[in-house]
1. Look through segment 289-319, keep the residues that are in contact (Cβ under 8 Å) with a residue 60 or more places away in the chain and within 30 Å of residue 142 (Cα to Cα), and return whichever of them is surrounded by the fewest Cβ atoms within 10 Å (Cβ to Cβ).
2. What do you reckon, is residue 59 in contact (Cβ under 8 Å) with a residue 24 or more places away in the chain and either out of contact with any Asp or Glu (no Cβ under 8 Å at 6 or more places or on another chain) or outside the structural domain of residue 381 (by the TED database) (or both)?
3. Tell me whether segment 133-143 contains one or more residues that are free of Cβ contacts under 8 Å to residues at least 12 places away in the same chain, over 22 Å from residue 382 (Cβ atoms) and assigned by the TED database to the domain that holds residue 57.
4. Among (1) part of a helix (DSSP H, G or I); (2) within 26 Å of residue 1 (Cβ to Cβ), which single condition is residue 263 missing?
5. Any chance you could count how many residues in segment 99-138 are open to solvent by 10 Å² or more (accessible area, probe 1.4 Å) and part of a loop (DSSP other than H, G, I, E, B)?
6. Within segment 69-95, track down each residue that is surrounded by 24 or more Cβ atoms within 10 Å (Cβ to Cβ) and assigned to a helix (DSSP H, G or I).
7. Considering only segment 251-273, I want to know if a residue exists there that is of a type in the set (A, V, I, L, M, F, W, C), more than 24 Å from residue 380 (Cα to Cα) and crowded, with 22+ Cβ neighbours inside 10 Å.
8. Out of 330, 336, 379, report the one residue that is among the acidic types (Asp, Glu) and without any contact (Cβ under 8 Å) to a residue 12 or more places away in the chain.
Amino acid sequence: MLLGSIADDLTGATDLALILSREGMKVIQVVGVPQDKADFGDADAVVVALKSRTIAPQAAIEQTLAAAEVLRAAGAGQIYFKYCSTFDSTSEGNIGPVTQALMAYLEAEHTVACPAFPENKRTVYKGHLFVGDQLLSESPMKDHPLTPMRDANLVRVLQQQTSRPVRLVNLETVHQGPARLRDDLFAQPGIAIVDAITDQDLRIIGEAMAELKLITGGSALAQGLPDNYRRQGKMPAKASKTEFAAPKGKGVMLAGSCSAATRRQIAHAQNAGVPSFRLDALQIANGELTAEKVLAFIAGQDGSTYPALIYSSTDPDQVKIAQEKLGRFEAGEMIENFLSSLAVSLAGQGYQRFIVAGGETSGAVVNALNAQAVQIGPEIDPGVPWVFTLDENNPVCLALKSGNFGSDDFFTKAWEMVR
C-alpha cells in the first residue's frame, strides 16, 4: 500500500477514492476502523471512512489514530487526513485536534492543510476559503446546522483548534513550482495553509508533498499524489480500469442534507416528475409519521419512471425550529436513524440501488446496510461516483453525495446511469 487515507465522513471518503481511482490507483474503501489484520489485497490506496466530523474531538482522535495504526501496519507510506472542501468544523475541532494527533503519532513536524476543490468551486486565496465567488463566511455554509462556518480565514480558524503553529503559504509561492514550494513547506515546523485556485495549483502542491509523512486537505488535493509514486517507480504508467454492472434490484432516493445545493436538487427532481415524500422530525418524534406510512408510499411508486425520493431537507429556519424542540444533534440523528431503518427494510424487499444525499445520512445508511467495503464505479458528478459493495451475498450499489456536491439534476442523472 502506498497511501493510507482517513476521511471524517463517508461521502468525503468516496470522493477521495474516486479521485485516486481516476488517477490510476487501485483503491479500496472501507467503512469504520478496519480490523487489526485487515487484508487489503493489492490495493495501492485504502480509504477509511469514519463518521468523526461532528463527534467529540477526543473520540475523533481515537478513531483516526486507530485507523492510522492499521494502515501503517499494512504498509502505508503516507497518511492522508481528508475533510470537507468547506472546512466543516467548530472552534473546538475536529480538524485541528485530529491533525495535531496524527502529527504526533507519525512524528511529523510538517504538514499542509488545503481544502481547495476548484472543480466544485472551492478555492483558497490569501488563506481565505471561497465557495464560488463568495467567502465561506458569506456562503450558505454560515447556516450549516452542525458546523456553521462564519470565518473564511483558514489560518485563524485552524489556529484556534491546535497548539501547532499555523501559517500561510501563498499562491505566489505555489506558482514558483514544486521545488520552491517544497523548500517553503519544510522551512518551518507546523501546519501550512496553502493557496490553490486551479487543479494545476493542486498538482504542483501534490508534487511538493512527496516527502511529507502526513497530508491533510480536501479530496482534490490528492490528485497529484499518484504521479509522485510513478516517478518513484512504485506505480505503473497506466492502471487498468474495472467495468461495473449495477445489480438489477429496485431503487430509492434518500436525502437528509439541508444544504442549499441539495434543496435545489430536490426541487429539480420534483419538477422532473420524481415522486417525493417529505419527512418532518417533529412528526416522527410525536409518532404521527411512521416508517410503515413511508414504506407504503415507496411501494406505491414502483411503476413510476423514477424511484421515490424520501427527504427531510428544508430551509434553515425550519431546521432551527426542530433543533430548538428536539436538540441540535438529536434532530439530525432522528432523521438519520429513520432513513437508515427505511434502507434496511427496503433492502429486505429487494431494493439494491440507493441514491443518498448528505454525509451523515450516507454514513448511517451504509452502516445500516453493512456495506463495509466498496469499489468505485462511474462518476456521476465531480466528486460523486456510484460505488458497489464487494459482498457477493449483499450486492448493492450506492450513490453517496455530500450535501454541497452535485449539479441540480443530480438525482435524475444518477438514476439514468443505472436504469
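1. Quick first cut of segment 289-319, residues in contact (Cβ under 8 Å) with a residue 60 or more places away in the chain only: 306-307, 309, 316, 319.
Within this subset, residues satisfying the condition of being within 30 Å of residue 142 (Cα to Cα) are 309, 316, 319.
Values: 309: 26, 316: 15, 319: 21.
So the residue we want is 316.
2. Numbers: in contact (Cβ under 8 Å) with a residue 24 or more places away in the chain: no; either out of contact with any Asp or Glu (no Cβ under 8 Å at 6 or more places or on another chain) or outside the structural domain of residue 381 (by the TED database) (or both): yes.
No; evaluated as a whole, the condition is false for this residue.
3. Taking segment 133-143 and keeping what is free of Cβ contacts under 8 Å to residues at least 12 places away in the same chain, we get 133-134, 142.
Now drop any that are not over 22 Å from residue 382 (Cβ atoms), which leaves 142.
Checking which are assigned by the TED database to the domain that holds residue 57 leaves us with 142.
Yes, because at least one residue in segment 133-143 is free of Cβ contacts under 8 Å to residues at least 12 places away in the same chain, over 22 Å from residue 382 (Cβ atoms) and assigned by the TED database to the domain that holds residue 57.
4. Evaluating residue 263 over (1) part of a helix (DSSP H, G or I); (2) within 26 Å of residue 1 (Cβ to Cβ) leaves (2) as the failure.
5. Number of matching residues: 6.
6. 71, 95
7. We begin by selecting, within segment 251-273, every residue of a type in the set (A, V, I, L, M, F, W, C); these are 252-255, 258, 260-261, 266-267, 269, 272.
Adding the requirement that they be more than 24 Å from residue 380 (Cα to Cα) leaves none.
So far as segment 251-273 goes, no, none of its residues is of a type in the set (A, V, I, L, M, F, W, C), more than 24 Å from residue 380 (Cα to Cα) and crowded, with 22+ Cβ neighbours inside 10 Å.
8. Matching residue, one of 330, 336, 379: 330.
The values are calculated or read from the model by the stated rules, or taken from the named source; none is laboratory data. Everything numeric in this text was worked out from a predicted model, so none of it was measured. Cβ atoms come from the backbone with ideal geometry, glycine included; neighbour counts cover every protein chain shown. The protein model used for the area step is the full one, side chains on, heavy atoms only, and it has no ligands, DNA or RNA in it. Shrake-Rupley method; radii C 1.70, N 1.55, O 1.52, S 1.80 Å.
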